[in-house]
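Single-structure report; data block below.
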Amino acid sequence: MKRIVLIFAAGTALLSGPAFAEELAVVGSWSNLPLYQDFETPFWTEKLPELTGDEFTAQLTSFDQMGVAGEDVYRMLGDGVFDIGATVADYTVGDAPELEGLDVPLLAATAADARKMVEAARPMVDDIMRERFGAQVLGIAPYPPQVVFCKGEVASLADLKGKKVRGSGRMTTKFLEALGAEGINIDFSEVPGSLERGVIDCAVTGAGSGYSAGWWEVSDHLMTLPLGGWDPVVIAMNGDRFDALSPEQQEILTKAVTKNLEAPAWDALEGGLTDDIACLTGNGDCPEGEAASMTLVEPSDADTETARKILTEEVLPDWATRAGDDWVGRWNESVGQSVGITIGE
């Protein structure tokens, strides 16, 4: 009798659980960078079933492994090519210029400040992703602050004048052009070769990303003024696929992403810039491995003042003309309010 009772109990438990797991086709961000390797990969391939009570499993690849351009990820997501996609929001501003407002350069000096800006922008980003791409935002994760790697001596912002510089987004490129530099659009993976061959003189990316991708092998000066913001990666799901889930499944999946993928990625950035600079320059202990020996160029007060002036007088007004009054108004009431800037005043 005891054996029969145990079998019945086990059968009841099986019947009360999900009949089958929803398998998700997931396309993640750059495969050679820490966000994908340390956070996206373990979350989607190992943790997801347990975190969702076996409601979901996932098959993961990255857009570069698929041979897909970063700017095409959300467009393909909206077309239903895959269920979930993640890419740098700035890559897609050709389709959605208003999305540039998520990552304004120079406004956030710390991870806490950047996180505050993203939280302020999130309702706006939710609407942009639905309207432009038919997608539902699940989370927004950061890359490290976007700094400047140069091949050849630079000592200040003024030294970028006349140089060919790869920007990390449209606002960054506009800023560089206002400085008198030539903004160059080059894919992240092509930067090392372009620096080595002299196609470009400098390039903007996250300090940690540049270390992981070996940019220090082809550049020698590191400017730490965050000219490119923090390059947030929006993790989104095809809207039709999301809407077909039950309300309970929607809540379970969204909560899993925000608490166990997005939040740890943000937490890891606290103090991360100090470690990244140590790894790139040898000024301090490098927790990632062997340190490089780049020359550290810290911004002067004059550099910071110049940068802020260009941002408020040229870069943000230029974005406002492309985004339109409605989105600018929403930005002023959210992100702008959080950092004390109003476009149009």
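The values are calculated or read from the model by the stated rules, or taken from the named source; none is laboratory data. Values in this document were obtained by computation on a predicted structure and should not be read as measured data. With ideal geometry, Cβ positions are generated from the backbone for all residues, glycine too; neighbour counts draw on all protein chains shown. Remember, those area values only see protein heavy atoms, side chains included, never the ligands or the DNA or RNA. Shrake-Rupley method; radii C 1.70, N 1.55, O 1.52, S 1.80 Å.
Tabulated data for the structure shown
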quantity: Qualifying residue in region 170-178 (condition: among the acidic types (Asp, Glu), open to solvent by 60 Å² or more (accessible area, probe 1.4 Å) and free of Cβ contacts under 8 Å to residues at least 24 places away in the same chain); calculated: yes
quantity: Selection within region 258-277 - surrounded by fewer than 22 Cβ atoms within 10 Å (Cβ to Cβ), of a type in the set (D, E, K, R) and more than 18 Å from residue 235 (Cα to Cα); calculated: 270, 275
quantity: Pair list, Cβ < 7 Å and 6+ apart or interchain, from region 57-86 residues that are closer than 20 Å to residue 185 by Cβ and free of Cβ contacts under 8 Å to residues at least 60 places away in the same chain to residues that are assigned to a loop (DSSP other than H, G, I, E, B) and open to solvent by 30 Å² or more (accessible area, probe 1.4 Å); calculated: 71/94; 75/95
quantity: Subset of region 296-305 [touching a residue at least 12 places away in the same chain (Cβ under 8 Å) and over 26 Å from the mean Cα position of the chain (by Cα)]; calculated: 300, 302
quantity: Residue 189, sole failed condition from (1) closer than 21 Å to residue 294 by Cα; (2) touching an Asp or Glu at 6+ places or on another chain (Cβ under 9 Å); (3) open to solvent by less than 50 Å² (accessible area, probe 1.4 Å); calculated: (3)
quantity: Answer residue from region 177-201, given it is polar (S, T, N, Q) and not in a loop (DSSP other than H, G, I, E, B) and is nearest to residue 228 (Cα to Cα) among those; calculated: 189
quantity: Conditions (1) free of Cβ contacts under 8 Å to residues at least 60 places away in the same chain; (2) surrounded by fewer than 21 Cβ atoms within 10 Å (Cβ to Cβ); (3) over 26 Å from residue 238 (Cα atoms): number failed by residue 131; calculated: (3)
quantity: Unmet criterion (only one of (1) closer than 20 Å to residue 238 by Cα; (2) at pLDDT below 95; (3) of a type outside the set (A, V, I, L, M, F, W, C)) for residue 87; calculated: (2)
quantity: Qualifying residue in region 203-214 (condition: touching a strand residue (DSSP E or B) at 6+ places or on another chain (Cβ under 9 Å), modelled with pLDDT of 95 or more and either part of a helix (DSSP H, G or I) or of a type in the set (S, T, N, Q) (or both)); calculated: no
